[in-house]
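Engineer: Take a look at the following structure, please.
Nothing in this text is a laboratory measurement; each read-out follows from the coordinates by a stated rule. Please read these numbers as outputs of a predicted model, since none were measured by experiment. Positions of Cβ are backbone-derived with ideal geometry, glycine not excepted, and every protein chain shown enters the neighbour counts.
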Amino acid sequence: MPLSFRTAPVLACLICLCLAALHPQPLAAQDDAPQGTLQALLQTHQEEVARPSRNSVALVLDALLDAQLDGTLEFLRLWQDREVYERDADGLFFYAREGQDRMLVLTDIDTGEEAGVIGSREINQIRPNAGVRREIAAALVQFELSDPDPARRLAALEAISRSPDPEQIPLLAAAIEGEPDPAIRERKERVLSLLIARHGSDSAERVAAIEALTGDISTEARRVLNQLLQTQAGIAGALPEDANIERVRSPGDDLDLITAYDRLADAGLAPARRGHNAIRDALRAHVANGQVGGVALHRLSTDEARREAYRTLEEAGLVPPLVTEAAMQAAVAQYVFFDAYVEPDAAVTDAARDALDSTRTKIGIYQAFGLTLDALSLASIFFLAAIGLAITFGVMRVINMAHGEFIMMGAYTGYVVQLFIPNYTFSLAVALPLAFAITFGAGVAMERLVIRYLYTRPLETLLATFGISIALQQLAKNIFGTQARPLTAPDWLAGSVVLNDIVSISSIRVAIFVLALMFLAMLVVILQRTRLGLEVRAVTQNPGMAASMGINPDRINMLTFGLGSGIAGVAGVAIGLYAQVTSEMGANYIVQSFMTVVVGGVGSVFGTLAGAGLIGFLQKGIEWFNPGNTLAAQTYMVLFIILFIQFRPRGIVALKGRAAGD
Amino acid sequence: MAADIMTRGARGPAKPRQPAPPRRRSFLAENPSVLWFMLALGLFTAVVSVLSEAFGAGLLSTSLIKVLGMTLCLCLIAIAMDVVWGYCGILSLGHFAFFGLGGYAIGMWLMYARTEIVIRENLASGTIPPTETEVTEAVTAQIFGVVGSSELPLIWSFAYSLPFQLAMVVLMPGLLALIFGWLAFRSRVTGVYLSILTQAMTLALSLYLFQNDTGLRGNNGLSGLQNIPGFLDVPQSVISMWFFWASAFALGAGYLLFAWVVWGKFGSVIRAIRDNESRVRFLGYNVEGYKLFVFTLTAVASGLAGALYYPQAGIINPAEIAPIASIYLAVWVAIGGRGRLYGAVIGAASVSLLSSWLTGGGAPNIDLGFYRIIWTDWWLVLLGLGFVLVTLFFPKGIGGLFDYLVRKRP
């Protein structure tokens, strides 16, 4: 088969286009349309409408905008969306929709009435390219600024603020008057003032607009100010009078000699420096009789020998001379190097700089606030992941390497529940208790079957639970596969809480923070205010004494372990909502969780809180100094923890007296 | 031992003279396992040599020889782990970090020197011989182009020198262990906390190596290590045998060294530290010094094992150093049997060979009719559960079986 199905339609289109182009233009068509209609206007620019290019489209648009005919807006919109067709027979334009039997139903551009049915081969779809469509969109803006639909008006405003253009100033100014909606009116005024600041024609007006931006921390205001302050490096014999100079750079001080000279060379003001490679290439070009410039080839493996050979060639006039440092200095000294603003008006740039400076403190405060929120969120994630461990490790001194896998089990529980209950809110409400129940059961089973035999050998619980951990991980891989599974948050958790352009935090992270606080409160209440908590603390401090007081240590250990595991399961659902659910997700948290517990102080819920807080804030703080490098932040954080443990081996909140035990 | 001294002290003044202490028997007589082990290792080496592709019948493929040689290196680090954990009671989860450091140290030389040879050959074909700077720049571009860097990192300054990098094989793990151990033991971090601390160290190191800008090629790691500069024409079948013999020799020497270290008074002291650290301290021993010595010595041995392992593996990357590798090491030693050197060897060899056999697709899958057991899927489940069972029911590990064969002298 010579043509595949994919290429055939493309080819057919191409052929159609060729035929259409060859078709003799029906000049008579122009006379058919009555004067003063859109069709007539379009027909005067028939060629430009049917085959628009970036250059020619402006002509049509100007004509359309000048005429202000009815239906122009709709035509522009459909033209942009490639829904305008040209009838081959007479070159008239129509809108069309698909009818029966591959026929197209035509609609008259002016009247909006049906204008017959036509086969798709007898009509030509007009396909403006991306550049043309952008031009059309810009023209549409001014229509849309006064569109009855408020959403359209807002969208048009956003389009302006994204790609500002001096020509939009009068259009926008005109559109403010008739605006009924006060919010949109305010927005229009703001976009207008940004436009004037950036592109206005009157200096005083611009300065006033810029001064109005003083203290404005929104991204769009700062973008405009920064664009105004763009600079361009320049070289001249003497400082130009008319340029708006930002600063003069003195070579050797804030501009090193080589860079300065290279700039001269780039500007064609000095001969280019002969670099290492240029010397080598020049030598290579002049090899004769096994030597270059009187130096044997095999000796040319040092820079000195090469330079010597080059000098010989230079004296013979065969190669351009080397630029010495003295020559470079002399050349550089002849010129002034400066950075000049692209914006020629000094009053505008001064005002812009003042306005930008005034925002600096405010931005700093907001960024610090945003960083604090980030750190709090990270700390709450660490806390959630570690709090179950704080119970099993901190209270029972059992190292549960499978803790991470309980987190994973919780997350997979959430995933499976979502498979059966499509409503995300409801499924989350089911998944949280179910995850607790499942991991509680798993924890109790593990304690009964394995860990209780190892209470006298704490290091070996590490090994046994590690065995369980790798087995569980592999089981999850066998059941759910290796690819990540989605655990989708309900819609009311999908967005984010936005304070301003600098500070925003996703709703899930807020929810995790709240969840962490709830867990903290719950655990403190259980451990301090209930019978179970009392018994847990008693068994922790002295199992023998507790047993002689009528407490069953076996039962308490089992319940404590179950509680810690169950909390890990719930944490898993929470973590799964914002991270991906994979069989290895637990392993990512286990080492950090242990460090959280150890840094915070073993055996204390508040210690874990302090540990999570310290680690979270530290990691975000280090990231602040070295943005974009999370790995480095983690590395330094772990190093810090190692050092920290040197000085406070018992953690931040150290138990004292007998409770400390060992 | 402590109890021994106390009873003697109670008898104190009644006897005018202490009876002469029993004469210690020789090292070999007290450690019959050393002889047996050397014999087995020698026999194994001989058999493998005879069956090898390069020097014998050709029944064993080159890749199998490499696996065996690598296994010998793993046995060496397992012995080191056994000494530090089984004899001295420090459950270090960081020895694979030292192993990796040794590998990185030798890998830097292997990679640099080989690239340099290739680059020099390429540049020599030009009309003008290259300068040293040009060679260095070309080598740097070749090695670090992948992480987008064009400058030779400072730590590679002496990568061209084999003696320097060999010294690094010993010094890098040794110094890291010395500093880390000094910090940790000085502040009396023990037991579980020490395990977590060593794990943190391993994590920090692997995170550090994972970064692209720390000069060790980030997660690309070092590769092409199986090509030995200076012997680029020698076929891999021969090189693999050289490394196999070197690994066997290192394992034998390491076994001898560690058997000697854990023998005699020194061995008694470190076992006493394992059993009751405080009591040893009260007796006046410098516990921290002993622990630091054992920790550092085993770290150096691990580094050497790594330096032999990675030229056979051919590639090293930071994932090898991840904390889980060190936990696996503990698993091998525990399965083999702690507190006996041959136990560690048995554990490391059996688990790692079994693992590479089952996950490499060597074992036939079993069709149960209703379910098909695919070993690559189920091996880890089996290993994990097996490990739980060993911990629960056979705390002495596989090595414990030898106690049934050889009745211990009273």
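Engineer: Towards the positive end of the charge dipole of chain A, with charges on Cβ (+1 Lys, Arg; -1 Asp, Glu), say which of A:ALA40, A:ILE590, A:GLN291 has the farthest Cα.
Structural biologist: Comparing the listed Cα positions along the dipole, A:ILE590 ranks first.
Engineer: Hey, another quick one. Treat each spin label as a single point 7 Å out from the Cα along the C-beta direction, and report the B:TRP260 to A:GLU189 distance in nm.
Structural biologist: Between B:TRP260 and A:GLU189, the label points sit 9.2 nm apart.
Engineer: Also, I was wondering about something else. How long is segment B:61-179 along each principal axis, judged by its Cα atoms, biggest number first, in Å?
Structural biologist: 63, 42, 27
Engineer: Using Cα centres only, tell me the gap between segment A:484-539 and segment B:112-173 in whole Å.
Structural biologist: Segment A:484-539 and segment B:112-173 have Cα centres spaced 53 Å from each other.
Engineer: Take segment A:484-630, drop everything but the C-alpha atoms, weight them equally and run the Debye formula without solvent; then report log10 I(q)/I(0) at 0.09, 0.19 Å⁻¹ to two decimals.
Structural biologist: Log-scaled intensity ratios, in q order: -0.39, -1.35.
Engineer: Which order results if B:TRP182, A:TRP79, B:TRP260 are arranged by neighbouring Cβ count within 10 Å, fewest first?
Structural biologist: B:TRP260, B:TRP182, A:TRP79
Engineer: Within a 10 angstrom radius of the beta carbon, how do B:THR133, B:THR115, A:THR72 rank from fewest other beta carbons to most?
Structural biologist: Placing the least packed residue first, the sequence is B:THR133, A:THR72, B:THR115.
Engineer: If you don't mind, there's one more thing I want to ask. Report, to one decimal in Å, the Kirkwood hydrodynamic radius for segment A:368-416 based on all distinct Cα pairs.
Structural biologist: 12.3 Å
Engineer: So what J values fall out for segment A:234-250 if you push phi through Karplus, 6.51 cos²θ - 1.76 cosθ + 1.60 with θ = phi - 60°, rounded to Hz, Gly and Pro as x?
Structural biologist: x, 10, 7, x, 9, 4, x, 6, 7, 6, 9, 7, 7, 7, 9, 9, 9
Engineer: Which semi-axes, in whole Å and largest first, does the equivalent ellipsoid of segment A:231-341 have when worked out from the alpha carbon gyration tensor as the square roots of 5 times its eigenvalues?
Structural biologist: They are 37, 12, 10 Å, listed from largest to smallest.
Engineer: Say the dipole of chain B comes from +1 at the beta carbon of Lys and Arg and -1 at that of Asp and Glu; which of B:VAL280, B:TRP85, B:MET168 then lies farthest toward its positive end?
Structural biologist: B:VAL280
Engineer: Continuing with the same structure: Nearest 500 deg cm²/dmol is fine: what mean residue ellipticity at 222 nm does chain B get from its DSSP H runs of n ≥ 4 alone, each adding -39,500 (n - 2.57), divided by its residue count?
Structural biologist: -22000 deg cm²/dmol
Engineer: Using DSSP H assignments, which helices in chain A have an axial alpha-carbon span of 24 Å or above and a mean Kyte-Doolittle hydropathy of 1.0 or higher?
Structural biologist: Membrane-span-like by this rule: A:424-449, A:507-529, A:605-625, A:630-647.
Engineer: If you fit an axis through the alpha-carbon atoms of helix B:162-186 and take the longest principal axis of the Cα set of chain B, what angle between them do you get, 0 to 90°, nearest 10?
Structural biologist: 40 degrees
Engineer: Once both axes come from the Cα atoms, what is the angle between helix B:32-51 and the longest principal axis of chain B, in degrees from 0 to 90, rounded to 10?
Structural biologist: Roughly 20 degrees, rounded to the nearest 10.
Engineer: Bin width 5 Å, origin at 0, all Cα-Cα pairs of segment B:303-360: what percent of pairs per bin?
Structural biologist: 4, 17, 18, 29, 24, 7, 1
Engineer: Cross-link list A:LYS477/B:LYS66; A:LYS620/B:LYS291; B:LYS265/B:LYS396: which exceed 32 angstrom alpha carbon to alpha carbon?
Structural biologist: Correct reply: A:LYS620/B:LYS291.
Engineer: Something else: Wrap a convex hull around the Cα atoms of chain B, take a quarter of its surface area, and give that in square nanometres.
Structural biologist: Taking the Cα atoms of chain B, their convex hull projects to 26.2 nm² on average.
Engineer: Let me ask something else. What distance in nm separates the two pseudo spin-label positions at B:TRP245 and A:ILE258, each 7 Å out from Cα along the beta-carbon direction?
Structural biologist: If labels sit at B:TRP245 and A:ILE258, their model points lie 5.0 nm apart.
Engineer: Shifting gears a bit: How would you classify segment B:137-287 from its alpha-carbon gyration tensor, with a ≥ b ≥ c the square roots of the eigenvalues: rounded for a/c under 1.5, else prolate if a/b is greater than b/c, otherwise oblate?
Structural biologist: Since a/c reaches 1.5 but b/c is at least a/b, the shape of segment B:137-287 is classed as oblate.
Engineer: Next up: With N residues in segment A:145-228, what two-decimal value do you get for its Cα radius of gyration over 2.2 N^0.38 Å?
Structural biologist: Working it through for segment A:145-228, the quotient is 1.04.
Engineer: Along each of its three principal axes, how wide is the spread of alpha-carbon positions in segment A:450-534, in whole angstrom units, largest first?
Structural biologist: Principal-axis extents of the Cα atoms in segment A:450-534, largest first: 56, 44, 22 Å.
Engineer: Work out the FRET efficiency for A:LEU322 and A:ALA58 from their Cβ-Cβ distance, taking R0 = 45 Å, and round it to the nearest 0.05.
Structural biologist: Computed FRET efficiency for A:LEU322 and A:ALA58 comes out at 0.25.
Engineer: Just to be sure I understand the model, the point goes 7 Å from the Cα along the line to the Cβ. What's the resulting B:ALA29 to A:THR425 distance in nm?
Structural biologist: 8.6 nm
Engineer: Okay, moving on. So what's the angle, to the nearest 10 degrees on a 0 to 90 scale, between helix B:95-124 and the longest Cα principal axis of chain B?
Structural biologist: 20 degrees
Engineer: If the chain between A:GLU122 and A:ALA330 were fully stretched, how many nm would it gain, using 0.36 nm times the residue separation less the Cα-Cα distance?
Structural biologist: So the chain would gain 67.5 nm between A:GLU122 and A:ALA330.
Engineer: Under the Karplus relation 6.51 cos²θ - 1.76 cosθ + 1.60, θ = phi - 60°, what is the ordered set of whole-Hz ³J(HN,Hα) values for segment B:257-263, x standing for Gly and Pro?
Structural biologist: Listing the rounded values in order: 4, 6, 4, 6, 5, 8, 9 Hz.
Engineer: Just round it to a whole percent: the fraction of Cα-Cα distances in segment A:365-660 exceeding 31 Å.
Structural biologist: Everything past 31 Å amounts to 28 percent.
Engineer: Once every DSSP H run of n ≥ 4 in chain A is given -39500 (n - 2.57) and the sum is divided by its residues, what mean residue ellipticity at 222 nm do you get, rounded to the nearest 500 deg cm²/dmol?
Structural biologist: One gets -20000 deg cm²/dmol as the mean residue ellipticity at 222 nm.
Engineer: Quick check on the protein assembly as shown: what does the Kirkwood estimate of hydrodynamic radius come out to from the alpha carbon pairs, in Å?
Structural biologist: One over the average 1/r among Cα pairs gives 36.6 Å for the protein assembly as shown.
Engineer: Once you've got the GNM for chain B with C-alpha springs shorter than 10 Å, pick whichever of B:ASP233, B:ASP275, B:ASP367 has the biggest mean-square fluctuation.
Structural biologist: Maximum among the listed residues: B:ASP367.
Engineer: To check my understanding: the extent here is largest minus smallest coordinate of the Cα atoms along each principal axis. What are those three numbers for segment A:47-144, in Å, largest first?
Structural biologist: Principal-axis extents of the Cα atoms in segment A:47-144, largest first: 38, 24, 21 Å.
Engineer: With the alpha-carbon atoms as the only input, what is the per residue convex hull volume for segment A:527-604 in Å³?
Structural biologist: Roughly 116 Å³ of hull volume per residue.
Engineer: For chain A, with only Lys/Arg (+1) and Asp/Glu (-1) charged at the beta-carbon, what is the dipole magnitude about the Cα centre, in debye rounded to 20?
Structural biologist: Taking the Cα centre of chain A as origin, the dipole is about 4940 debye.
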